[in-house]
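Contents: one structure, followed by commentary.
The values are calculated or read from the model by the stated rules, or taken from the named source; none is laboratory data. Please read all numbers here as calculations on a predicted model, not as lab measurements. Glycine also receives a Cβ, built like all others from the backbone with ideal geometry; neighbour counts cover every protein chain displayed. These area figures cover heavy atoms from the full protein model, side chains too; ligands, DNA and RNA do not enter into them. Shrake-Rupley method; radii C 1.70, N 1.55, O 1.52, S 1.80 Å.
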Amino acid sequence: QFQDPRGITIDGGDSVYVTDQGFAAMRVQKFSSTGTYSTKWGSPGTGDGQFQSPRGITVDSNGFVYVTDTPLDRFQKFDAVGSFTGVWGEEGSAPGEFNLPIGIAFAANLWIVDENNHRIQEVTSTCVFVSELGTQGSGDGQFNGPTEIAIDADGKIYAPDAGNHRIQKPGQ
């Protein structure tokens with residue numbers, strides 16, 4: 001059951017992961033591709049493996065699950081059964097810092113939508129900062145509140161730019 005589902009992703013084995021930011025939930029739930037419940041993890045809070053508002057979710061090529069925790073300006077890493085393995089990020093605008101990380105995707109590296117810093121950050125799976133795309137504005141490659149991210153098979157990035165009422169392909 002869900003209270004307020006927000007993010008969804010599918011791993012290489014067709015398992016489906018959903019973030020639920022309902023007040024009493026604050027968790028990730030995992031299902032088979034046919035909808036059979038498998039497991040859940042997380043709880044309300046600010047500690048390791050806890051969430052204040054789990055939003056974006058992605059799975060890397062090794063099966064690790066990454067979840068953005070938007071109001072805490074961080075993302076957490078879990079194994080495929082929900083065991084906590086790490087947390088990264090803090091509030092700020094420097095590389096590797098966030099101001100409302102919301103969407104997240106994996107393609108060779110992690111790409112995290114940093115909504116209030118109007119950019120997308122790229123970090124390795126060991127959370128080393130690599131690069132960023134975008135600045136605040138309305139021109140090409142600029143954002144006004146990017147919200148999500150998708151990456152196609154060719155590695156091209158697509159990002160809804162809510163404040164500018166458009167979809168962008170930054171850096172391409």
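The stretch between GLN52 and TYR158, if pulled fully straight at 0.36 nm per residue, gains 35.5 nm over its current Cα-Cα span.
Heavy-atom accessible area for PHE129, with the other protein chains in place and a 1.4 Å probe, reaches approximately 70 Å².
Quantify, in whole percent, the carbon and sulfur part of the accessible surface of region 91-172 (1.4 Å probe; protein heavy atoms only).
Values: 1820 of 3750 Å².
The value for region 91-172 is 49 percent carbon and sulfur by accessible area.
A 1.4 Å probe run over region 1-85, with the rest of the protein chains in place, finds 46 Å² accessible per residue. Here the extension length gained between SER38 and CYS127 equals 29.3 nm, from 0.36 nm per residue of separation less the Cα-Cα distance. Taken one residue at a time, the phi angles of region 87-100 give Karplus couplings (6.51, -1.76, 1.60, θ = phi - 60°) of 9, 9, x, 7, 5, x, 10, 6, x, x, 9, 9, 9, 6 Hz. Gly and Pro are set to x. For SER43, the accessible surface of its heavy atoms amounts to roughly 40 Å² (probe 1.4 Å, protein chains only, rounded to the nearest 10).
Dividing the alpha-carbon Rg of region 1-50 by 2.2 N^0.38 Å yields what? Could you put the intermediate results ahead of the total?
On the way: Rg = 11.0 Å, N = 50, 2.2 N^0.38 = 9.7 Å.
For region 1-50, the normalised Cα radius of gyration is 1.13.
Solvent-accessible area of region 25-80 (1.4 angstrom probe, protein heavy atoms only): carbon and sulfur portion equals 44 percent. The residues of region 97-154 present an accessible area of 41 Å² per residue when probed at 1.4 Å with all protein chains retained.
With the cut-off at 24 Å, report for region 1-106 the share of all Cα pairs above it, as a whole percent. Each step should come with its number before you reach the end.
Working: 841 of 5565 pairs.
The share of Cα pairs beyond 24 Å in region 1-106 comes to 15 percent.
Let me test this: with uniform point scatterers at the alpha carbons of region 22-172, what is the Debye-based log₁₀ I(q)/I(0) at q = 0.09, 0.18, 0.20 1/Å? Relative scattering, expressed as log10 I(q)/I(0), comes to -0.27, -1.04, -1.23. Short-range pairs are left out: with C-alpha atoms under 8 Å and at least six residues apart, the relative contact order of the chain is 11 percent.
Overall, region 11-113 carries a charge dipole of about 260 debye about its Cα centre when +1 sits on the Cβ of Lys and Arg and -1 on the Cβ of Asp and Glu, all other atoms neutral. Summary of the geometry: region 19-71 and region 120-162, compared by the centres of their Cα atoms, lie 22 Å apart.
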